[in-house]
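Asker: Structure in structure tokens, see below.
Values quoted throughout were computed directly from the atomic coordinates according to the rules given, and no laboratory measurement underlies them. It should be emphasised that the depicted structure is a prediction, and the values quoted were computed from it without experimental measurement. Reconstructed Cβ throughout: ideal geometry from the backbone, glycine too, with neighbour counts over all protein chains shown.
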Amino acid sequence: MENNAELVRLEEFVDKLLNKYNQLKADFHSLQATLSERDAECAELKNNIYNLTTERTEVGNRVSGLLGRIEQWESDQETFSAEKGGGYESIQGSLFSDSADGKNS
């Protein structure tokens, strides 16, 4: 009888161990899936960062180009104004005025 009770206890202990092992195994697979999802998300975010950095660089270059063109235009207007004897301010002022006749407000 005593041996039988010991075998029952041993069976219960083994069952508990197997249940805990199966639970740990399930948790492990769940964590692996989560890790895979996070790795994919991380790769996607790194790609987004690269794309945004590239876009930012391109926009910066385009803005620099526009500023260069504006500076060149201003330089050309100063030269033109000096050759024609007119004032630089009047030319630039007419460009940026609100009125249709070209006078500053």
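Asker: Could you give the length gained on full extension between LEU10 and LEU52, defined as 0.36 nm per residue of separation minus the Cα-Cα distance, in nm? The partial results should precede the final answer.
Answerer: Details: separation 42, 0.36 × 42 = 15.12 nm, distance 6.19 nm.
So the chain would gain 8.9 nm between LEU10 and LEU52.
Asker: Next question, about the same structure. What number do you get for the stretch 1-90 when its Cα radius of gyration is normalised by 2.2 N^0.38 Å, N = residues? Could you put the intermediate results ahead of the total?
Answerer: Details: Rg = 37.4 Å, N = 90, 2.2 N^0.38 = 12.2 Å.
That ratio works out to 3.08.
Asker: Could you give each residue of the stretch 66-73 its phi-based ³J(HN,Hα) in whole Hz, using Karplus coefficients 6.51, -1.76, 1.60 with θ = phi - 60°, and x for Gly or Pro?
Answerer: For the stretch 66-73, the Karplus curve yields 5, 4, x, 5, 5, 4, 5, 4 Hz.
Asker: What nm distance separates the two modelled labels at ALA26 and ASN61, each placed 7 Å from Cα along Cα→Cβ?
Answerer: 5.5 nm
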